[in-house]
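Structure first, then comments.
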Amino acid sequence: VPQPYPRPQPWIVNGYDFKTGIPNPSFLSRLNMMLSEGDKLGMVPIVQFFYGPQLRRFNGNNTAINVSITSMVDWLLGSNYSNILVDVANECTGKDFDGTILKCSDA
């Protein structure tokens, strides 16, 4: 029987240190493996920085969110991959983005 996602979500996506915004080295290692394979296959992977329910773990710390974005962009540009699509804030009109620099409008 399908179950709705619990609120708050109990699992943690550990791409970042939620207090500092610094990317997790083991996350970057796994991402590097996936992007390298994507390059070999001529694929265009989508790298998503933030998803609403996980963003709550930053507790509105916009400084840490900004560090996360800057760090990820710097890492991606320094990695010299051929084709990457970046999705900074997936579904950014949702309530999970309220009070953050990532909140966007439908307009």
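Candidates [x] 30, 22, 13; [y] 24, 17, 15; [z] 33, 17, 9; which is the computed semi-axes √(5λ) of the Cα gyration tensor in Å?
It is the one labelled [y].
What percent does the relative contact order of the stretch 1-65 come to when contacts are Cα pairs within less than 8 Å and at least six residues apart?
Numbers: 33 pairs, mean separation 26.1, N = 65.
Value for the stretch 1-65: 40 percent.
Round to the nearest 10 and report in Å² the accessible area of residue 87, as given by a 1.4 Å probe over the protein chains' heavy atoms.
40
With a 1.4 Å probe and all protein chains kept in place, how do 11, 75 rank by accessible area, largest first?
On the way: 11 105, 75 60 Å².
Result, largest first: 11, 75.
I'd like to know which of 10, 35, 105 lies farthest towards the positive end of the charge dipole of the stretch 2-107, counting +1 on Cβ of Lys and Arg and -1 on Cβ of Asp and Glu.
Farthest towards the positive pole: 10.
Can you tell me the 0 to 90 degree angle between the C-alpha axis of helix 25-41 and the longest principal axis of the chain, rounded to 10?
50
Hey, any idea what % of the chain's accessible area is carbon plus sulfur with a 1.4 Å probe?
C and S atoms contribute 57 percent here.
Might you report the magnitude of the Cβ-based charge dipole of the chain about its Cα centre, with Lys and Arg at +1 and Asp and Glu at -1, to the nearest 20 debye?
Charge dipole of the chain: 300 debye, to the nearest 20.
Please determine, in degrees from 0 to 90 and to the nearest 10, the orientation of helix 62-79 with respect to the longest principal axis defined by the Cα atoms of the chain, where the helix direction is its Cα long axis.
Roughly 10 degrees between the two axes.
Using a 1.4 Å probe and counting only protein heavy atoms, arrange 37, 91 so the residue with the most accessible area comes first.
Largest accessible area first, the list is 91, 37.
Could you rank the peptides 56-62, 25-31 by their average count of other C-beta atoms within 10 Å per residue, with the highest value first?
56-62, 25-31
To the nearest 0.05, how large is the calculated FRET efficiency for residue 37 and residue 3 if R₀ is 22 Å and r is the Cβ-Cβ distance?
0.10
The values are calculated or read from the model by the stated rules, or taken from the named source; none is laboratory data. Note that this is a predicted model, so its numbers are computed, not measured. Please note: Cβ atoms are built from the backbone with ideal geometry, for glycine as well, and neighbour counts cover all protein chains shown. We work out accessible area using only protein heavy atoms, side chains counted, and drop any ligands, DNA or RNA first. Shrake-Rupley method; radii C 1.70, N 1.55, O 1.52, S 1.80 Å.
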